[in-house]
Amino acid sequence: MKINIGRMLSLLAGDPQADRAVPPTGFTARLTVFTSGAMAFLAVFALALSLATGRLAERWASELAQTSTLRISAPEDQLDAQTKAALRVLEQTPGVAEARELSDDEQRALLEPWFGPDIPVESLPIPRLIEIVETSDGMDATGLRARLQAEVPGAILDDHTRWREPLVAAASRLRLLGMVAIVLILAAMGAMITLAAQAALSANAQVVRVMRLVGARDAYIAGAFVRRFTLRALSGATGGTLLGVLAVTLLPSSDVAAGFLTGLGFQGTGWLWPLVIPPLAAIIAFGATRNAALRNLRNQS
């Protein structure tokens, strides 16, 4: 559907005589404004969810792909020797930028959520952990496993692939669901505006017949409904978008607490995306009302 500048200016300017066919207030007016506002409000949150999960998937894919963990399980009298041997192997491995053994305090912090803050890590038979940071080129995990198996039999390499890929896939699917939610919200908006336009046309059938008697064409009459309902949808969607953006800004930031939901929001140029919602709602209202009006007028002929 093409909308040229002249048609848009005519849409905004209006025609007082044709506007008489559309009630300025009433049930259809309130329904259109409320529906547009509510759907725009929900669209802001669906958009924020989609953008947040997109950032999450990218962060997991980039950060976790460059880190690995080496776990050393061996008898206590061999643990130190195997740890030193593993560090020596990692120092000689291409693609390894840094490898370091986690301290007792760091291991205690990892176990604290499950066992509490006072767990005696130094007296427990827990494996030694070595954190590996890869270079941008990455390392040959298969070759490293083969060498570790020969030189450090108690070492087990975890490159996070087993659980990283499902997490990234889940975040990507959640982003897709957010986009699907936006499409469904806009479709529901169009359906509700179509029903409101049809109700307004049916309620003003007598006025439409009079306008036809004096020579008004269906396109002229439909234009009045299109103009009025488009402006109602634009105003309602603008208000709903502003409320949605305000609600998003009130969500806790990712700096306040850890967790995914605390990062739900817009960042950087992402704050510009909600500006698309009001004009998009107006375009949907224009198309829905125009089709409904012309179809209804043809049925009344």
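How much net charge surrounds N291 when only other residues with a Cβ under 14 Å from its Cβ are counted (Lys, Arg +1; Asp, Glu -1)?
+2
Specify whether the C-alpha gyration tensor of the range 168-301 places it in the rounded, prolate or oblate class, a ≥ b ≥ c being the square roots of the eigenvalues: rounded for a/c under 1.5, otherwise prolate if a/b is larger than b/c and oblate if not.
Taking the square roots of the gyration eigenvalues as a ≥ b ≥ c, the range 168-301 is prolate.
Can you compute the FRET efficiency between A109 and L177 using 1/(1 + (r/R0)^6), with r the Cβ-Cβ distance and R0 = 35 Å? Round to the nearest 0.05.
So the FRET efficiency works out to roughly 0.55.
Can you give the local net charge around G37? Use residues other than it whose beta-carbon is closer than 14 angstrom to its beta-carbon, Lys and Arg +1, Asp and Glu -1.
Around G37, the surrounding residues sum to +2.
Taking other Cβ within 10 Å of each residue's Cβ, how do M211, M189, M179 sort, fewest first?
Least crowded to most crowded, the residues run M179, M211, M189.
What is the sum of charges, Lys and Arg at +1 and Asp and Glu at -1, for the other residues whose Cβ falls under 14 Å from the Cβ of P94?
Once all neighbours under 14 Å are counted, the net charge is -4.
Readers should treat all values here as calculations from the given coordinates under stated rules, not as data from a laboratory. Bear in mind the structure is a predicted one, so any value in this text is a computation, not a measurement. Here Cβ is always computed from backbone atoms with ideal geometry, including for glycine, and neighbour counts include all displayed protein chains.
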